[in-house]
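Notes follow once the structure below has been shown.
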Amino acid sequence: MRLYEDPRAPSPGRVRLFLAEKGIDVSSVPLDLNAEEHKRPEFLARNPFALVPVLELDDGTCIAETMAICRYFEALKPDPPLFGGDDARRQALVEMWNRHAEFQVLMPFFHLFRHTHPAMQKLERPQIPEWGAVNRDRVMQALDIMEARLADVPWLAGDDFSIADITLYVALRFMRVLRINPTEGRKALSDWLTRMKARPAMSAWPPKKA
């Protein structure tokens, strides 16, 4: 199998960190999003929505969407459990906080970045700076909620590390492209980020030269 990805991008980064935590090695097919390689016919045949990452299995099956890919590997290798294991309560908490991290922090930051950064003018047509500004406020408010949550628990979903922490970690690391310090004035979030960086698997993303 092989993973089609732009190694610099956050969504492939989530998969790479997940694989690193699992100890799974998957070969990479790098794509340059800035060169619009994800819009070429050969890639669109694998994902007509022109989004990375895409996992291509040995039988030719293509799995797009970050969480679908992570779920696939979770089923192949349940240990360590990163989706809550067999406990229904833990599963629900992981799902909830992963969605919070994705839809309240990561996705709004995507909108902020894509609609305000000059380098994204080619890919985001049209850019709407006003929409970017709205999402900056949404991101900051969500980070305050994450701060309150992490003041009470060591990991987003509770006592155990999970995919939710990977999602939030990628969001916070990606914020450097706009020179935003997400932990400023947020001690619990800062302490959590220190714990995250101490995990050996977290060295898998971002790439050293990104």
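The values are calculated or read from the model by the stated rules, or taken from the named source; none is laboratory data. Computed from a predicted structure; not experimentally measured. Heads up, the Cβs are rebuilt from the backbone with ideal geometry, glycines too, and the neighbour counts pull from every protein chain shown.
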- Query: Of the residues that sit in region 65-92 and are buried (at least 18 other Cβ atoms within 10 Å of the Cβ) and within 21 Å of PHE43 (Cβ to Cβ), which one is nearest to the chain's Cα centre (by Cα)?
  - Reply: THR66
- Message: Suppose we keep only residues that are in a helix (DSSP H, G or I), touching a Lys or Arg at 6+ places or on another chain (Cβ under 8 Å) and of a type in the set (A, V, I, L, M, F, W, C) within region 58-103. Which one would you say is nearest to GLN141 (Cα to Cα)?
- Response: TRP97
- Query: Could you give every pair whose Cβ atoms fall below 6 Å, whose first residue belongs to region 183-200 and is basic (Lys, Arg), and whose second residue is crowded, with 17+ Cβ neighbours inside 10 Å, counting only separations of at least 6 or pairs across chains?
  - Reply: ARG186/GLU147
- Message: It is to be established whether one or more residues within region 176-193 are buried (at least 18 other Cβ atoms within 10 Å of the Cβ) and touching a Gly at 6+ places or on another chain (Cβ under 8 Å).
- Response: no
- Note on the structure: Matching residues in region 1-35 (among the hydrophobic types (A, V, I, L, M, F, W, C) and in a loop (DSSP other than H, G, I, E, B)) number 7
- Task: Taking VAL170 as the residue in question, decide whether it is aliphatic (A, V, I, L, M), crowded, with 20+ Cβ neighbours inside 10 Å and not assigned by TED's automatic domain parsing to the domain that holds CYS70.
- Result: yes
- Select from region 190-210 the residues that are over 17 Å from the mean Cα position of the chain (by Cα) and under 20 Å from VAL105 (Cβ atoms) and list them in ascending order. SER190, ASP191, THR194, ARG195
- Note on the structure: Within region 36-57, the residues that are assigned to a loop (DSSP other than H, G, I, E, B) and either farther than 29 Å from ALA119 by Cα or at pLDDT 95 or above (or both) are ARG40, ALA45, ARG46, ASN47, PRO48, PHE49, ALA50, LEU51, VAL52, PRO53, LEU57
- How many of the residues making up region 1-13 are over 16 Å from VAL177 (Cβ atoms) and buried (at least 21 other Cβ atoms within 10 Å of the Cβ)? 3
